[in-house]
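Enquirer: Let me begin by handing over the structure; questions about it come next.
The values are calculated or read from the model by the stated rules, or taken from the named source; none is laboratory data. None of the values given here were measured: they were computed from a predicted structure. All Cβ positions, even for glycine, are placed from backbone atoms using ideal geometry, and neighbour counts span all protein chains on display.
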Amino acid sequence: MSPPQRVTLADVARAAGVDVSLVSRVLRGHDVKVLDETKERIHQQARELGYRPNAIARSLRSAKAGAFGLVIPNFSNPVYAQIIAGAETAAARRGSVMMTSSGEGWSRSAWYEALDGGRVDGLLVAGGSAVELASLRVPYLLVNRSVPGVARHLVLDDERAAGEAAGHLLALGHRHLAFVGGPADADTAQRRWAGFRAAVGEHRGATVRQLAGDYTAAGGRAAATALVRDAPDVTGIVAANLPSGIGALEGLRDAGVRVPDQASVVAVHDAEIAEYVVPRLTTVRMPLQELGARGIELLTTLPPTESIAEVVDAPIELVVRDSTGPVR
């Protein structure tokens, strides 16, 4: 079967009995001196015929691609789904679409190069290096991260989130705490560790232990296993992200440690999956959708050369579930 023919402005003009140029101006929302009945007839014929604007032609006229790009480290971390959802919603309000990639299947630098040819009007970057970004001509903004030498970033209040997690455990009576971190070169992991350490430091007699992690469930599991072996006195664990927290639960289960009877676990970030692990995981919910939406807003309202260093101003919420309880 041959594909259906695209309805054109000429088809709408013919059906409405008017000139093509008039149809074009009316459908594009221009202020045209014509009877309201004529405008309504044009819109009605466009609807009945199923007319849709030619995005390619429109982009050539406006020098706009009608699309934004988003680069994420991977698709396995569920928190990125929320960032994508927020960015897509904000882009849709502006009549644009989102294109998301993790760089898998081809190099991230090649993906940047492909987008830099005018395929997107702006780029949100949650994964990449300053070297890769330096040559970009398209406006870009780092989201959920900052990179030395890059003066445009939008982040969450990571210090406060980790501090909320530690404070919850301290309020339950835990005094021997551990932090399962992220990659050493991740600025988010560094900020969360700083927030955790500051919160614990306010309580006399509390001890802290930092374990290396990689923001994966496997990394969280390995960290918890090492913790049970090397520091059995620890009863409270803060995981720097959600997959690490889920992995920590598994590592404790493997070692025969009951949660929350013998140890409590809190993870930074929240997603639906936290409700369906056993035990249900206590988390710190952060404004991820707001992060994605604000990123699109900044890309579309500020000059591409303007420096941006912003922390999303939205509520952070401790979500208490079954993985935390009083120290025993």
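Enquirer: Does I42 fit the bill of being crowded, with 17+ Cβ neighbours inside 10 Å, modelled with pLDDT of 85 or more and over 20 Å from R14 (Cα atoms)?
Expert: Working: crowded, with 17+ Cβ neighbours inside 10 Å: yes; modelled with pLDDT of 85 or more: yes; over 20 Å from R14 (Cα atoms): no.
When the stated conditions are applied, I42 does not pass them.
Enquirer: How about segment 45-157: which helices (runs of 4 or more DSSP H) wholly inside it have at least 2 residues that are closer than 30 Å to R6 by Cβ and at pLDDT 75 or above?
Expert: Of the helices (runs of 4 or more DSSP H) lying wholly inside segment 45-157, those with at least 2 residues that are closer than 30 Å to R6 by Cβ and at pLDDT 75 or above span 79-93.
Enquirer: Of all residues in segment 236-290, which are in contact with a Ser or Thr (Cβ under 6 Å, 6 or more places away or on another chain), within 16 Å of A161 (Cβ to Cβ) and not small (G, A, S)?
Expert: Once the filter is applied, which keeps residues that are in contact with a Ser or Thr (Cβ under 6 Å, 6 or more places away or on another chain), within 16 Å of A161 (Cβ to Cβ) and not small (G, A, S), segment 236-290 yields P243, V265, V266, D270, L281, T282.
Enquirer: Provide a single number: the residues in segment 174-201 that are surrounded by 20 or more Cβ atoms within 10 Å (Cβ to Cβ), basic (K, R) and closer than 19 Å to D230 by Cβ.
Expert: The number of residues fulfilling the criteria is 0.
Enquirer: Give all pairs with beta carbons closer than 9 Å in which a residue from segment 303-328 that is under 18 Å from R145 (Cβ atoms) meets a residue that is assigned to a loop (DSSP other than H, G, I, E, B) and of a type in the set (S, T, N, Q); count only pairs at least 6 apart in sequence or on separate chains.
Expert: A309/S146
Enquirer: Looking at segment 283-303, which of its residues are surrounded by fewer than 18 Cβ atoms within 10 Å (Cβ to Cβ), under 21 Å from the mean Cα position of the chain (by Cα) and part of a loop (DSSP other than H, G, I, E, B)?
Expert: Matches in segment 283-303: L302 only.
Enquirer: Related question: For segment 223-236, check the following and say yes or no: at least one residue is out of contact with any strand residue (DSSP E or B) (no Cβ under 9 Å at 6 or more places or on another chain) and in a loop (DSSP other than H, G, I, E, B).
Expert: Yes, some residue in segment 223-236 is out of contact with any strand residue (DSSP E or B) (no Cβ under 9 Å at 6 or more places or on another chain) and in a loop (DSSP other than H, G, I, E, B).
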